1. Out of GLY214, ALA151, PRO182, whose Cα points farthest toward the positive end of the dipole of the chain (charges: +1 Lys, Arg; -1 Asp, Glu; placed on Cβ)?
2. What are the lysines whose alpha-carbon lies under 21 Å from the alpha-carbon of LYS373, with same-chain residues fewer than 8 places away excluded?
3. Treating only the Cβ of Lys, Arg, Asp and Glu as charged (+1, +1, -1, -1), what charge dipole size does the chain show about its Cα centre? Round to the nearest 20 debye.
4. Quick one: Kirkwood hydrodynamic radius for the chain, alpha-carbon pairs, angstrom, one decimal?
5. Let me make sure I get this right: for the range 63-129, a, b and c are the square roots of the gyration tensor eigenvalues over alpha carbons, sorted descending. Under 1.5 in a/c it's rounded, otherwise prolate if a/b > b/c, else oblate. Which is it?
6. Using +1 at the Cβ of each Lys and Arg and -1 at the Cβ of each Asp and Glu in the chain, identify which of GLY44, ILE21, SER443 lies farthest towards the dipole's positive end.
7. For the chain, modelled as a GNM with alpha-carbon contacts under 10 angstrom, which of SER17, SER168, SER337 fluctuates the most?
8. Give me HIS190, HIS415 ranked fewest to most by other Cβ atoms within 10 Å of their Cβ, as a rough exposure proxy.
Amino acid sequence: MALPQIPHDFVWGASTSAYQIEGAVAEDGRGPSIWDTRCRMKGGVGDGTTGDVACDHYHRYPEDIALMKEMGVSAYRFSVAWPRLLPRGRGAINQAGLDFYDRLIDRLLEAGIEPWLTLYHWDLPQALDDLGGWTSRDAAGWFADYACLAARRYGDRVKRWITFNEFSVFTLFGYAINWAAPGVTDRVSHLRAIHHVNLAHGAGVDVLRGLVPGASIGAIHNRQIVLPEGGKPENQAAADLLNEHWNLAFPDPQLLGHYPPQIARAIEPYVQAGDMARICRPIDWFGLNHYGPIFARADADTTWGFTWGETPEDAPTYGVGWPVFPDMFRDELLAISRRYRMPIYVTENGCGGDDQPDAAGQVNDEHRINFFKVYTDAMGEAMRAGADVRGYFVWCLLDNFEWGSGLSQRFGLVHVDYQTQKRTPKASARWYAELIRSVRRSSAPAA
Ligand code: FCB
């Protein structure tokens with residue numbers, strides 16, 4: 001294992017999100033979210049499954065926490081379902097929803113696992129989408145009120161706060177491409193959503209700073225190198241624009257105070273005086289979700305003239321076929337360090353597959369272990385070269401509802417049988433536990 005000089009307080013964690021694992025979508029007063037709606041739309045989810053039950057984590061969270069404790073993870077990143085706290089997105093509060101996260105947080109703390117709370121992992125209350133969702137400028141205020149409720153309730157025990165998960169994925173896929181809820185394909189809606197989500201982030205940071213003593217606040221960005229499909233010059237402009245949307249549209253305004261050039265020109269009509277200062281609020285760290293690189297292709301029939309291109313045939317892939325380029329992970333960590341100059345937590349990294357138990361009931365996900373080996377090695381290289389990486393969270397603790405791919409893509413360290421809800425730690429869970437143990441042993445401070 002090439003992870004030299006990992007500090008003793010390096011965070012080894014596991015990530016999940018509410019809609020992907022909780023289930024219990026109509027229980028204890030939870031309101032519908034835009035993903036409940038999408039799951040009921042024809043073609044909304046490839047395999048026709050839903051998050052109605054998912055991993056039933058709403059009822060089985062004690063077992064899931066026990067699994068994490070056994071693995072030795074020191075932190076758990078989960079998200080709060082906004083429609084559980086505020087079934088209509090604003091107004092009436094759902095006490096039972098608030099109580100659920102109290103129980104979860106208390107149990108984590110008892111197990112010695114630090115809660116890392118994401119406020120928004122894509123499950124906007126449907127009632128707010130009916131009012132325009134993120135295309136409405138009011139959305140920043142709705143989000144701030146929701147953040148206020150969560151901060152007041154959990155801020156005594158939770159110190160690690162994340163405003164949003166992967167801003168550009170849910171705005172691009174939800175408002176320009178129709179790969180995610182709410183499934184709009186319109187430039188103006190997309191531009192408005194980008195700007196309002198940025199405003200909501202800034203408002204959320206102010207709320208958290210004001211209400212949570214000692215808060216450590218971050219935002220999570222997906223960053224992946226964008227390359228022109230086939231290395232062809234005719235795809236270069238598509239790659240450049242996709243790069244702005246995918247990698248820069250959120251961290252640049254939030255951390256540098258300006259939009260990248262092409263988006264800046266297009267978004268101007270929706271930006272009001274003082275907005276950039278409202279968006280660019282000091283935060284404590286950069287959350288990076290990273291998978292493989294993306295290949296872009298020019299396509300005049302799409303909202304922005306770009307689409308996802310083919311991965312080169314000779315590219316190495318694992319599991320569900322996503323490309324594996326650990327050097328690009330190292331390069332991203334270094335690029336983020338140089339551009340934003342702040343501590344980084346890797347808040348998601350992992351790979352999917354169709355893992356199933358063998359005759360002996362074991363799940364031997366060698367491909368995932370290989371993936372984690374090469375990616376954690378690449379992280380080690382970035383750290384040696386100067387990137388200030390403070391923690392690493394695998395995606396995902398459990399197999400779960402993988403958005404548009406439904407239940408068919410499994411990303412977990414722990415296998416979930418969706419018929420029986422039986423949990424089976426995979427070989428990768430044992431590998432991760434051993435990694436954590438060995439790094440802790442070698443980095444333990446001298447007695
Ligand atoms: C990320 C999402 C996460 C999961 C992984 C595979 O884009 O944040 O919820 O779907 O991809």
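Readers should treat all values here as calculations from the given coordinates under stated rules, not as data from a laboratory. Keep in mind it's a predicted model, so treat the numbers as computed, not measured. Backbone-built Cβ (ideal geometry, glycine too); neighbour counts: all protein chains shown.
1. In the chain, that residue is GLY214.
2. LYS426
3. 1220 debye
4. 22.0 Å
5. Taking the square roots of the gyration eigenvalues as a ≥ b ≥ c, the range 63-129 is prolate.
6. My answer, from the dipole projection, is SER443.
7. Taking springs between Cα atoms under 10 Å, the residue moving most is SER337.
8. Numbers: HIS190 25, HIS415 22.
Lowest to highest Cβ neighbour count: HIS415, HIS190.
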